[in-house]
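Working notes for the structure below.
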Amino acid sequence: MNGIQIPGISNPEAIIPITGEKKSYKLVLDFNDGAISIIEARYLDSKLHREIQDLSDNDVTILGTEISDGAYDENLDIHCDKCNKFYRPYCRLHPLFKIPDRVLKRDESSNLSFSQQTLPILFRIEESKLPNAGLGVIAEVFIPVGMVFGPYKGRRCQKKTDFYKDGYAWLIKSGDKRFYIDGSDAERSNWLRYINSPRFEDEQNMLAFQTNGKIFYRVIKPIRINQELLVWYGSSYGNEFVESENGNKYKKPAKNPFICVGAQR
Ligand SMILES: [Zn+2]
């Protein structure tokens with residue numbers, strides 16, 4: 001039976017049903033810290049919060065369950081860098097919110113490459129602010145901590161070839177499997193291929209991570225209007241490596257799956 005039994009009352013009428021539909025919480029952009037947050041609806045302040053979506057009591061009940069290291073499942077759990085713990089499905093204090101690509105199918109009437117067509121309306125592609133970096137992705141609006149983009153699209157290859165020199169390939173290691181995602185062809189990749197790497201660590205505002213054999217990027221520092229998106233890899237992530245950017249090796253984020261809240265869940 002679904003419901004909460006009130007102790008001492010045997011009358012079935014007294015069972016309070018749990019419908020999972022009650023919307024008591026909000027997923028918001030919190031202007032206090034420029035991050036995605038979960039708050040109780042009664043604390044919503046239109047000056048401080050911008051609503052993203054309603055969360056039911058049930059949604060919130062299942063959030064924030066801490067998982068011990070041994071029980072970690074890369075398909076279900078997230079490691080929160082700030083709390084340094086695993087959660088299923090994610091850390092309630094530091095939730096993530098996935099922004100889908102703008103289109104999933106090519107518009108043949110457009111002159112833009114498919115990769116450029118996938119660019120969410122939040123951004124524009126133009127000459128990078130970094131020297132000799134080619135095109136880059138620039139924020140058109142304020143982008144809060146906790147937004148997630150991806151997965152990185154490209155041709156799946158088993159062998160390393162010349163694409164590797166272009167800086168568009170990711171090496172993915174998932175269990176025993178090992179393969180490359182090659183985004184060098186703009187017709188077979190998506191807009192993430194235009195995001196550059198920073199010159200030094202402080203410039204980094206996004207973190208790349210792997211989950212379920214795919215690469216995603218998430219925002220780790222608020223990105224202000226007209227700032228460029230710059231993706232790097234966490235410094236505290238184990239000893240495995242990804243290969244990117246001219247074949248250099250960088251530390252692979254070994255434990256950072258994300259949860260997709262919203263329509264795609
Ligand atoms: Zn956390």
ask   = Within the set of pairs 6 or more residues apart or between chains, which connect a residue that is in contact (Cβ under 8 Å) with a residue 24 or more places away in the chain and farther than 8 Å from Ile67 by Cβ inside the stretch 85-98 to a residue that is near the ligand (Cβ under 10 Å from one of its atoms) and part of a strand (DSSP E or B) with Cβ atoms less than 7 Å apart?
value = Pro89/Ile78; Tyr90/Ile78; Cys91/Ile78; Cys91/Cys80; His94/Cys80
ask   = Where in the stretch 103-211 are there strands (runs of 3 or more DSSP E), lying fully within it, with 2 or more residues that are closer than 27 Å to Leu29 by Cβ?
value = 123-127, 135-139, 147-149, 206-211
message = When you scan the stretch 26-37, do you find a residue that is modelled with pLDDT of 75 or more and over 30 Å from Ala208 (Cβ atoms), even just one?
response = no
query = Do the conditions hold for Leu93, that is, is it of a type in the set (A, V, I, L, M, F, W, C) and farther than 25 Å from Ile195 by Cα?
reply = yes
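Let's see how each residue does on (1) more than 13 Å from the chain's Cα centre (by Cα); (2) more than 16 Å from the ligand (Cβ to nearest atom):
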position	(1), (2)
Lys82	yes, no
Lys85	yes, no
Arg88	yes, no
Arg92	yes, no
Phe97	no, no
Asp107	yes, yes
Ser110	yes, yes
Ser115	yes, yes
query = Just one of the numbered conditions (1) touching a residue at least 40 places away in the same chain (Cβ under 8 Å); (2) within 15 Å of the ligand (Cβ to nearest atom) is not true of Gln53; which one?
reply = (2)
key: Count - residues of the stretch 56-82 that are surrounded by 17 or more Cβ atoms within 10 Å (Cβ to Cβ), in a loop (DSSP other than H, G, I, E, B) and without any contact (Cβ under 8 Å) to a residue 60 or more places away in the chain   = 2
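The values are calculated or read from the model by the stated rules, or taken from the named source; none is laboratory data. Only a predicted model underlies this, so the values are computations on that prediction, with no experimental measurement involved. No Cβ is skipped: glycine too gets one built from the backbone with ideal geometry, and neighbour counts run over all protein chains shown.
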